[in-house]
Amino acid sequence: FNVSRIETTPFDGQKPGTSGLRKKVKVFVQPHYLENFVQASFNALTEEKVRGATLVVSGDGRYYSEQAIQIITKMAAANGVRRIWIGQNGLLSTPAVSAVIRERVGVDGSKATGAFILTASHNPGGPNEDFGIKYNMENGGPAPEGITNKIYEYTTTIKEYFITPDLPNVDITSVGVTNFTGPEGPFDVEVFDSASDYIKLMKSIFDFESIRKLLTSPKFTFCYDALHGVAGAYAKRIFVDELGAQESSLLNCIPKEDFGGGHPDPNLTYAKELVARMGLGKSESQNDPPEFGAAADGDADRNMILGKRFFVTPSDSVAIIAANAVEAIPYFSAGLKGVARSMPTSAALDVVAKHLNLKFFEVPTGWKFFGNLMDAGMCSVCGEESFGTGSDHIREKDGIWAVLAWLSILAYKNKDKLEDKLVTVEDIVRQHWATYGRHYYTRYDYENVDAGAAKELMAYLVKLQSSLSEANQIIKGVRSDVSNVVNADEFEYNDPVDGSISSHQGIRYLFEDGSRLIFRLSGTGSEGATIRLYIEQYEKDPSKIGRLSHEALAPLVEVALKLSKMEEFTGRSAPTVIT
Ligand code: VG1
Ligand code: CO
C-alpha cells in the first residue's frame, strides 16, 4: 500500500474536554474532521512515540465506530505505526482498553503503547447523537492535559494528514491477524476477543469463588443493566458464565450502536428499567425486587449501585469500598496506598481516610488526574460523584470492577452466614453512616444552557467570592437555618507528582458546618453549556442520618439557586437531571 498526503484546513473547536473530543456524529462525518484530530494526535505524540508503535483502536460500538476504526487504521499505517489491535467488532470498554494496554501480549509478543478510544461515554449514540474519541497513554490512562493541549494546538494549524487509501478495510468481526507490507515495512492488524484480557485481570483482583457462592445462593438476587452499552460484551461472560448468575438477571446486555435509543447513563433518571425492577421507580413493581442491582454507561466505565429499594450515592460507594477493601478484596489485602476523589465528590471518602490513616488526595474532575498518583504508588482506590469508581489495577474508572467490589463486600459480610438473614446493601450503607457520619449529597445538571448565560452565571459567582459578607447576607435572606460561608474560591490543583497546575476547576462555596456548594461547567457535552451544581451537607449526629436526602438538603438547595441567580441567568426553573 501507498501513503497519500492529503491537504486540509483546521476545524474550530477540536479541543478535548474532560475526557476526549465529543461532538455530534454530523460534525464527525464531515470530510477531514476525524482525520484532522487523529493526525493532530500523532503530531502531538511525536514521531518517536508513533513510529513502530502498537496502538489499540476500539470503543463502545456506537454509530460511526466502524468507519472511524477503518480511517484510524489507515492513518496509523501511513504514520508509521507498526501494529493496530482491535477488539472483536470494534468493542472494548474504556476500562478494558486500559487493561489491554497494560496487560495484553500480542500473538507476536508485542505490547501496546497507547490507544484511541472511540466513545462519547454516557452521551446518546446514533446518526443524530454523539461520537467521541480520546487518546490513552502507555500507562493505560487518558492523555494528560500537557498532551491534550498540544493536540488542540495542532488542530488549529493543521495543513496535511497522511493516510493509506488503498489499504483494504479490516474485517473486525473475526479474530485473527492480517499482515500487510507497506513502503516502510510490515504493518499488522490484530483482532482479538474483547473480554478475555479483562476477565483475566478481574480474576486476579477478586475472589471469584466467594462471589460465586453469593450469586448462586437462593438468598441473593441480582440484576445488571448494561443500557445496551459495551458492558454487554462482558456481562454474560463474567456474571453468568464465571459467577453463576441467572441469565435473566441481565438487562439490555446486547451492545447497540444507538443504545436502543436510550441515554446510556447509569443514574436514577436514565436507567429506568433497572430502577423499576429494584423497586425504586414511580410504578413500583409488586414483586420482591432483587437484593442487588447495578448499571453501566455506554463505555462501561461508570456504575450505579442499588440495593433493594435503595440507592447508593457514588460518593458513598467509593468511601464504602475504601473502608472495606482490605478485608473483602484480595488485591488490596496488603493495605491501601492511599485514596483520592475528585473535588466535587462528597467528603465521605475523606472521613474514611482520616479514620484509617490513609494518604488522601482531592483532584479536579476527570480521571486523568488520578493516573499520576497511581503511577507514583500513592493511591489505590478513587472515585467521582459522577458514578465513576476505580482503582490502580488500571488507569480508568471501571464500572464492572465497582460491581465486583460491591459483590465482594457483600460476600465478605455474609461469609459463613448465607443461611441466616442476609446483610443487605442498605445495611452496609447505614452501618457506614453510623460509623463515619453521613454526607447528604445531590447534583443538579442544567443541560444545553445558552453558553453565554452559563459563562455570565459563573463570572457572577466568582465576583461574589470577593465579598463573603455580601454572600452571607444573601444566604441569610433566603434561609436563616443555613450556616455561614467561611471560604470561597476557584479550585486549583497542584499535581504533587509532576508539579503541573490546573486552575479554574470549579467554583466552591465552603460553609462553616462543612457543607459545600460547587458550580462547574461540564467538559463532556456536545451542545450549548451544561452547568453542574453540587450540593453537600455533612451530618454526624446518628439521630439525623436517616432522613430523606432531598428533605435534608432542601434549605441548601434553595440557597444555591438564589445565590447563583440560576433562574435569572438561565431561564430554567428546574434542572434537566438530578442525581
Ligand atoms: C463528566 C463527569 C466527570 C467524568 C467525566 C467523564 O465530566 O462530571 O466526573 O470524569 O464526565 O466520564 P463533566 O466535565 O461533563 O462534568 V465519562 O463516563 O463521560 O468518560
Ligand atoms: Co463513561
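FYI, it's all coordinate maths here, none of it is from the lab. These figures come from a predicted structure and were not determined experimentally. When we count neighbours, we look across all protein chains shown, and the Cβ atoms used for this are built from the backbone with ideal geometry, even at glycine.
Dividing the mean sequence gap of close Cα pairs (under 8 Å, 6+ apart) by how many residues segment 1-136 holds gives a relative contact order of 32 percent. Calculated on the Cα set of segment 249-407, radius of gyration then Dmax: 16.0, 51 Å. On the basis of the beta-carbon distance and an R0 of 30 Å, residue 71 and residue 269 show a calculated FRET efficiency of 0.30. The percentage of C-alpha pairs in segment 4-194 whose separation is greater than 28 Å is 15%. Loop-located trypsin sites (Lys or Arg not before Pro) in segment 293-331 (DSSP state other than H, G, I, E, B) with a sparse environment of at most 16 neighbouring Cβ atoms within 10 Å: 309. When each of 274, 533 is scored by the number of other beta-carbon atoms lying within 10 Å, the sequence from fewest to most is 533, 274.
Placing unit charges on each Cβ (+1 for Lys and Arg, -1 for Asp and Glu) gives the chain a dipole about its Cα centre, and among 85, 346, 137 the Cα reaching farthest toward its positive end belongs to 346. In plain terms, the residue of 57, 27, 449, 486 with the fewest other Cβ atoms within 10 Å comes first and the most crowded comes last, giving 486, 27, 449, 57. Sorted largest first, the principal axis extents computed over the alpha-carbon atoms of segment 103-219 equal 63, 33, 32 Å. Relative contact order, whole percent, for segment 313-465 stands at 24, derived from Cα pairs under 8 Å and 6 or more residues apart. If R0 equals 56 Å, the separation of the Cβ atoms of residue 492 and residue 420 corresponds to a calculated FRET efficiency of about 0.65. Here the translational diffusion coefficient of segment 431-485 follows from Stokes-Einstein with Rh set to the Kirkwood radius across Cα pairs; for 37 °C and 0.692 mPa s it amounts to 229 µm²/s. The phi torsions of segment 556-568, fed into the Karplus equation with coefficients 6.51, -1.76 and 1.60 and a -60° offset, translate into couplings of 5, 4, 4, 4, 4, 5, 6, 4, 8, 6, 3, 5, 4 Hz, rounded to whole numbers, with Gly and Pro shown as x. Relative to the longest principal axis of the Cα atoms of the chain, helix 468-478 runs at roughly 60 degrees. Projected onto planes of every orientation and averaged, the convex hull of the alpha-carbon atoms in the chain covers 25.4 nm². Using a/c under 1.5 as the rounded threshold, could you call segment 199-292 rounded, prolate or oblate? The axes a ≥ b ≥ c are square roots of the C-alpha gyration tensor eigenvalues, and prolate needs a/b larger than b/c, oblate otherwise. Oblate. When the charge dipole of the chain is built from unit charges on Cβ atoms (+1 for Lys and Arg, -1 for Asp and Glu) and taken about the Cα centre, the candidate among 45, 196, 401 whose Cα reaches farthest toward its positive end is 401. Taking the number of Cβ atoms within 10 Å of each Cβ as an exposure proxy, the fewest-first ranking of 310, 239, 131 is 310, 239, 131. Give me the angle, in degrees from 0 to 90, between the Cα long axis of helix 425-436 and the longest principal axis of the Cα atoms of the chain, rounded to the nearest 10. Result, in degrees: 60. With R₀ set to 30 Å, the beta-carbon distance separating residue 5 from residue 108 gives a calculated FRET efficiency near 0.50. With each run of n ≥ 4 DSSP H residues scored as -39500 (n - 2.57), what mean residue ellipticity at 222 nm is computed for the chain after dividing by its residue count and rounding to the nearest 500 deg cm²/dmol? Value at 222 nm, helices only, nearest 500: -9500 deg cm²/dmol.
Placing +1 on the Cβ of every Lys and Arg and -1 on the Cβ of every Asp and Glu, with nothing else charged, gives the chain a dipole about its Cα centre of roughly 580 debye. Treating the angle as unsigned and between 0 and 90°, give the value, to the nearest 10°, between the Cα long axis of helix 65-78 and the longest Cα principal axis of the chain. Long axis of 65-78 versus the principal axis of the chain: about 50 degrees.
Each label point was placed 7 Å from the Cα along the Cα-to-Cβ direction; for residue 128 and residue 474 their separation is 3.8 nm. Short-range pairs are left out: with C-alpha atoms under 8 Å and at least six residues apart, the relative contact order of the chain is 13 percent.
Average 1/r across all pairs of distinct alpha carbons in segment 438-578, invert it, and you get the Kirkwood radius: 15.9 Å. Here the spin labels are modelled as points 7 Å beyond Cα on the Cα-Cβ line, and at residue 209 and residue 568 they lie 6.5 nm apart. Number of Lys-Lys pairs in segment 444-569 with C-alpha atoms under 21 Å apart and a separation of 8 or more places or on different chains: 8. Under 5 Å from the amide H of residue 182 lie the amide H atoms of 187, each residue being 5 or more positions distant or on a separate chain, with H modelled from the backbone and absent for Pro and chain starts.
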